[in-house]
Amino acid sequence: MSDEVRSHTALHIIKGAIVKVLGEDAKWSTSATVNGLHGRIAVEFNRKPTDGEMVEIGRLANRKVEEDAEIETHEMSRSDAEARWGDWIYDKWPLPDHVQQVKVFHLPDWNVNCCGYEHPQRTGAVGPIRITKSRYRNSKGVLEVSYDLED
């Protein structure tokens with residue numbers, strides 16, 4: 001499995017941990033990038049998280065990896081996906097109106113998102129996640145979380 005597949009899947013795991021710790025106010029991703037074993041996700045949020053909250057995000061993300069939870073992927077109509085998960089399948093960047101069939105990443109009780117990328121069948125394939133940096137951009141109301149995976 002490629003480093004990019006592992007790192008991209010870590011985005012979903014970290015996003016789930018962010019929402020578990022910070023709540024639904026942090027559900028909207030504003031950007032995400034992956035480069036090899038490194039990645040960064042940014043979410044809208046209304047304040048700078050505490051150091052303790054950031055530690056908890058890392059702890060929960062790694063617990064989800066250690067759980068080796070099953071990752072579901074679904075191909076379905078956009079209307080069925082919206083009926084099942086509502087706006088949780090979306091990010092801040094729009095999905096064009098003409099797209100009526102979607103691929104959905106689903107980690108039950110953790111994260112759900114429209115996503116056309118490849119993912120492993122289980123979270124354990126990602127390996128340990130180390131949060132390397134977090135930055136809150138008050139002017140934009142955005143929390144950026146950077147991470148690395150082990151080789």
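The values are calculated or read from the model by the stated rules, or taken from the named source; none is laboratory data. The model shown is predicted, which means the values in this text are computed figures rather than measured ones. All Cβ positions, glycine included, derive from the backbone under ideal geometry; neighbour counts span all protein chains shown.
Could you tell me which residue of the range 96-119 is nearest to Met54 (Cα to Cα), considering only residues that are loosely packed, with under 14 Cβ neighbours inside 10 Å and not polar (S, T, N, Q)?
Asp109
Please verify whether the range 48-55 includes one or more residues that are closer than 26 Å to Arg84 by Cα and either of a type in the set (Gly, Ala, Ser) or out of contact with any Cys (no Cβ under 6 Å at 6 or more places or on another chain) (or both).
There is no residue in the range 48-55 that is closer than 26 Å to Arg84 by Cα and either of a type in the set (Gly, Ala, Ser) or out of contact with any Cys (no Cβ under 6 Å at 6 or more places or on another chain) (or both).
Do we have Ser79 as of a type in the set (Ser, Thr, Tyr), over 17 Å from Glu24 (Cβ atoms) and without any contact (Cβ under 8 Å) to a residue 40 or more places away in the chain here?
For Ser79, the condition - of a type in the set (Ser, Thr, Tyr), over 17 Å from Glu24 (Cβ atoms) and without any contact (Cβ under 8 Å) to a residue 40 or more places away in the chain - is met.
Take the range 34-53 and flag every residue that is part of a strand (DSSP E or B) and within 13 Å of Val145 (Cα to Cα).
Once the filter is applied, which keeps residues that are part of a strand (DSSP E or B) and within 13 Å of Val145 (Cα to Cα), the range 34-53 yields Val34, His38, Gly39, Arg40, Ile41, Ala42, Val43, Glu44.
Since Ala81 meets every condition but one in (1) hydrophobic (A, V, I, L, M, F, W, C); (2) modelled with pLDDT under 95; (3) touching a His at 6+ places or on another chain (Cβ under 9 Å), which condition does it not meet?
(2)
Give me the residue from the range 56-114 that is assigned to a strand (DSSP E or B) and of a type in the set (A, V, I, L, M, F, W, C) and, out of that set, farthest from Leu143 (Cα to Cα).
So, considering only residues that are assigned to a strand (DSSP E or B) and of a type in the set (A, V, I, L, M, F, W, C), the one farthest from Leu143 (Cα to Cα) is Met76.
With Lys103, Lys64, Lys92 as the choices, which residue is in contact (Cβ under 8 Å) with a residue 24 or more places away in the chain, basic (Lys, Arg) and in contact with a Cys (Cβ under 9 Å, 6 or more places away or on another chain)?
After ruling out the rest, the residue left standing is Lys103.
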